[in-house]
Amino acid sequence: MSTTQSTGVDADAKEQRLKTYLERNAADGELYFKSKFIADEVGLSPKEIGALMCKLSDAATDLEIEKWSYTSATTWRVEPA
């Protein structure tokens, strides 16, 4: 397997891990969070989470994702669609 393919698989796994976390934690309603506070729980860096959140906000049809606040770090708002 080439490096490009393994990196793509790894990126997909990271995206799926974050999406699963968001679906589970937003199942009962709205979820607000800063990337740095969930990084350890999902095993990703805050920077990775931020990049994936932008991607998921465009791609995830079962979640509504928006940037909520920008003070000191982006706060994300997530709720089931």
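The values are calculated or read from the model by the stated rules, or taken from the named source; none is laboratory data. All of these numbers come straight from a predicted model, not from anything done at the bench. Virtual Cβ from ideal backbone geometry, glycine too; neighbours counted across all protein chains shown. Surface accessibility is based on the protein's heavy atoms, side chains included, excluding ligands, DNA and RNA. Shrake-Rupley method; radii C 1.70, N 1.55, O 1.52, S 1.80 Å.
Looking at Glu79, Glu66 in this structure, which one is acidic (Asp, Glu), outside any helix (DSSP H, G or I) and open to solvent by less than 50 Å² (accessible area, probe 1.4 Å)?
Glu79
Quickly run through the range 30-39 and pick out the residues that are touching a residue at least 12 places away in the same chain (Cβ under 8 Å) and open to solvent by 60 Å² or more (accessible area, probe 1.4 Å).
Glu30, Tyr32, Lys36, listed by residue number.
Go through the residues of the range 40-59 one by one and say whether even a single one is surrounded by 13 or more Cβ atoms within 10 Å (Cβ to Cβ), assigned to a loop (DSSP other than H, G, I, E, B) and modelled with pLDDT under 95.
No; the residues of the range 40-59 include none that is surrounded by 13 or more Cβ atoms within 10 Å (Cβ to Cβ), assigned to a loop (DSSP other than H, G, I, E, B) and modelled with pLDDT under 95.
In the range 36-51, how many residues are among the basic types (Lys, Arg) and more than 11 Å from the chain's Cα centre (by Cα)?
Residues that pass the stated criteria total 1.
Go through the range 20-29 residue by residue and tally those that are surrounded by fewer than 12 Cβ atoms within 10 Å (Cβ to Cβ) and farther than 19 Å from Asp10 by Cα.
Of the residues in that region, 4 qualify.
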